[in-house]
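*Asks:* This is the structure, below, for whatever I ask next.
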Amino acid sequence: MFSYDQVQQLNRLEIEIYKYIVGHPVEVSTMTIRQLADHSHVSATTILRFLKHMGYDGYAEFKFTLKEQLRQDATQPLAQTVIPMRTFFDHMSLPDVTAKLHQVAELLQQARMVILTGAGTSAGLATYGSHLFANFGLYSLMLTDTGQPHPVQPQDLSDTVFLVLSVSGESEDINEQGVYYQQNGAKVVAITASSHSTLAGIADVVLNYDTPEVQAVSGGSTLSQLPVVYYLEQLAMIVQPLN
């Protein structure tokens, strides 16, 4: 319904519309344009502009296409269990992602030390990544306290890669750590769901992903972290032959 190339051209507001639609397709299929605008916190005009960028003549054409997509998905119930990864791979530009993975792998291979960090769910994945990289011969450490004070004396971190995992890319503590490491010579790599975030603007290389939100039992929502695991494991496997 939306191609990778189209999504890459969206601005911050349009990205929010895109994420809401792919995260709530059934609800959106019955909404008026005004209701969608209210739920995605934008104006109806912004939605129409978004749809034009996506190749639709108007809201009616978009809803027809969405309902057809839902009807096709309903005939393939097993496919629903892999929606997050299917969305991720459908929107992925494989040559671009492969080039970025090799760029990061080179940085990892050249570094004396790799430091990973994240908060919440991302902290668990950063710990996994640290163990994974160690298994493949990299000297990797986990920064568990993202609010840890910085050393008073300047540090030479030119042989360090600071690998940050953050869904929103807007964690103040994590971004401050990223700025500190970068200003002291480290290369900052971000794995984030938001290519328009503050973290993405700081990082030297960004590996981003757009997957639908998954409704949680608590009533909230979360994003699938399968793309993060994919990135970490691909990096480890690329680095291994380089060592």
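*Asks:* Every residue in the range 63-85 that is modelled with pLDDT under 65, out of contact with any Pro (no Cβ under 9 Å at 6 or more places or on another chain) and of a type outside the set (S, T, N, Q), please.
*Replies:* Pro77, Leu78, Ala79, Val82
*Asks:* Report yes if Ala37 is at pLDDT below 85 and either open to solvent by less than 50 Å² (accessible area, probe 1.4 Å) or part of a loop (DSSP other than H, G, I, E, B) (or both), otherwise no.
*Replies:* Here the answer is no, as Ala37 does not meet what is asked.
*Asks:* Shifting gears a bit: Considering the range 1-34 alone, what residues qualify as being open to solvent by less than 20 Å² (accessible area, probe 1.4 Å), free of Cβ contacts under 8 Å to residues at least 40 places away in the same chain and not aliphatic (A, V, I, L, M)?
*Replies:* Glu14
*Asks:* Could you check the range 195-208 and list, in sequence order, the residues that are of a type in the set (Ser, Thr, Tyr) and surrounded by fewer than 22 Cβ atoms within 10 Å (Cβ to Cβ)?
*Replies:* Ser195, Thr198
*Asks:* Another question, then. Out of all the residues in the range 40-67, which are assigned to a helix (DSSP H, G or I) and open to solvent by 60 Å² or more (accessible area, probe 1.4 Å)?
*Replies:* Scanning the range 40-67 gives Thr45, Leu48, Arg49, Lys52, His53, Ala60, Glu61, Phe64, Lys67.
*Asks:* Same structure again: Within the range 147-194, restricting attention to residues that are outside any helix (DSSP H, G or I) and free of Cβ contacts under 8 Å to residues at least 24 places away in the same chain, which residue is least open to solvent (accessible area, probe 1.4 Å)?
*Replies:* Top of the filtered list is Pro151.
*Asks:* Still on this structure: More than 25 Å from the chain's Cα centre (by Cα), open to solvent by 90 Å² or more (accessible area, probe 1.4 Å), at pLDDT below 90 and of a type outside the set (Gly, Ala, Ser): does that describe Arg112?
*Replies:* In short, no.
*Asks:* Now for a different question. Quick check on my filter: what residues within the range 15-32 are within 15 Å of Phe62 (Cα to Cα) and either in a helix (DSSP H, G or I) or hydrophobic (A, V, I, L, M, F, W, C) (or both)?
*Replies:* Ile17, Tyr18, Tyr20, Ile21, Val22, Pro25, Val26, Glu27, Val28, Met31
The values are calculated or read from the model by the stated rules, or taken from the named source; none is laboratory data. Remember, it's a predicted structure, so these values are computed and weren't measured experimentally. Cβ: placed from backbone, ideal geometry, glycine included. Neighbour counts: every protein chain shown. Calculation scope for accessible area: heavy atoms of the full protein, side chains included, ligands and nucleic acids excluded. Shrake-Rupley method; radii C 1.70, N 1.55, O 1.52, S 1.80 Å.
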